[in-house]
Amino acid sequence: DEQAAAAAAAKLPYKPLQLLDVALLREYLLHLLRPAAFLPAAGDGAAAPPPPAAATASASASAPWWEGERVLDDVVFLTFLVGNDFLPHLPMLPVYTGGLDVALDTYRRVRASLPGYLIDGGDINVAALAPFLRALATAEAAVAERREATQAMRNGTEHQRRRAAAARAGAAGGASGAEAAADAPAPAPAPAVEAARPSAGSEAWRVGEYSANFGAQFGASELRAVCAAHLQGLAWCAAYYYKGCADWRWHLPNHYAPFAVDLADAAAAGWAPAPWDASPPLRPLQQLVAVLPPLSAPLLPESYRAVVGEASVLRDAFPEAPLLDARGKRHEWQAVVILPFVRVADLEAALAPLQLDDDEAARDRVGAAPLLFC
């Protein structure tokens, strides 16, 4: 009843609301990334940095290469590297382990030496992106080294724990601790992917990661395709945030991102965005079919439900229990969800002959988005 529910709620710990003031966050970012935070410190063979600037105008005067609005644009771009709704994070840079901090620190170190900003009017400045990614790759390798050291320490501790347990068991059974430890079974060998990591940031370690994420046949040509696709995704996000949706049909065809060092190589090799597809967006009910799981089929128009059913030619795109890649993750929500990619052309072909009633057809029309005011 209501009294019981109120009593139960009263026992819950109080958690205050956390309000984010975007204007205040903007000022914090401008202070964090002021010119003094970029320039090398005195004693490094360069002049001492100017004092922190209180406003964008005075900062620009003291550091002509620094413009607050464009710095903030670059900060938005950095968030693409640590993952968003459209792109997975770079392998060593998830947000929940401080990936954004690594990207920001790298940006502060190298921005003054880059040939321009990372973002130019909603487009990627490839000339600046390549050296930035090269610097980020160095930070990425350092993160990998720390993770490998931590994992080695954990493995060593676990091995010692097992030996101690075996020694205790041997003593209880009458054997000496040394004999029991010698006879104890060795720890189970790590999977092949783990065995292919002789040192952090090494070629063999990256190859092992790529094999685990993309398959054992992953080679140079596949790597070039993955890097090109991810750079295209960065360009799509930049356009989407600053100019509007450049391509309604675009999607990243991979569940994982390449390493920064490989993205840097691809950008430096003369990568340029591919032309965008000018096709219109899917209609509302088509989009609904593309994203709903089979258990939610009753929410679709009756004629559309068969498209996600057992007999559908698209059945493989709608698994009831998708795979979860939780390697190296502590929580289930951190796992990579391995959902098949829906083939848009096949989806449209499957839906084309199906009839909608008048109400459903009205729901399926493309129109202007309503304006919402708070």
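The values are calculated or read from the model by the stated rules, or taken from the named source; none is laboratory data. Values in this document were obtained by computation on a predicted structure and should not be read as measured data. Virtual Cβ from ideal backbone geometry, glycine too; neighbours counted across all protein chains shown. In case anyone asks, the SASA skips ligands and DNA or RNA and just uses the protein heavy atoms, side chains included. Shrake-Rupley method; radii C 1.70, N 1.55, O 1.52, S 1.80 Å.
Values as computed for the structure displayed
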| read-out | value |
| --- | --- |
| Options 255, 230; residue that is in contact with a strand residue (DSSP E or B) (Cβ under 6 Å, 6 or more places away or on another chain) and either under 24 Å from residue 340 (Cβ atoms) or exposed (fewer than 14 other Cβ atoms within 10 Å of the Cβ) (or both) | 255 |
| Flag for residue 316 being assigned to a helix (DSSP H, G or I) and either in contact (Cβ under 8 Å) with a residue 12 or more places away in the chain or farther than 29 Å from residue 238 by Cβ (or both) | yes |
| Meets criteria (hydrophobic (A, V, I, L, M, F, W, C), part of a loop (DSSP other than H, G, I, E, B), open to solvent by less than 90 Å² (accessible area, probe 1.4 Å) and at pLDDT 85 or above) for residue 356 | yes |
| Subset of the stretch 309-329 (residues that are closer than 27 Å to residue 358 by Cβ and under 28 Å from the mean Cα position of the chain (by Cα)) | 314 |
| Cross-chain or 6+ apart pairs with Cβ under 7 Å, the stretch 273-287 first and under 29 Å from residue 263 (Cα atoms), then surrounded by 12 or more Cβ atoms within 10 Å (Cβ to Cβ) and aliphatic (A, V, I, L, M) | 273/235; 276/246 |
| Count of the stretch 293-306 residues which are surrounded by 13 or more Cβ atoms within 10 Å (Cβ to Cβ), modelled with pLDDT under 90 and of a type outside the set (Gly, Ala, Ser) | 2 |
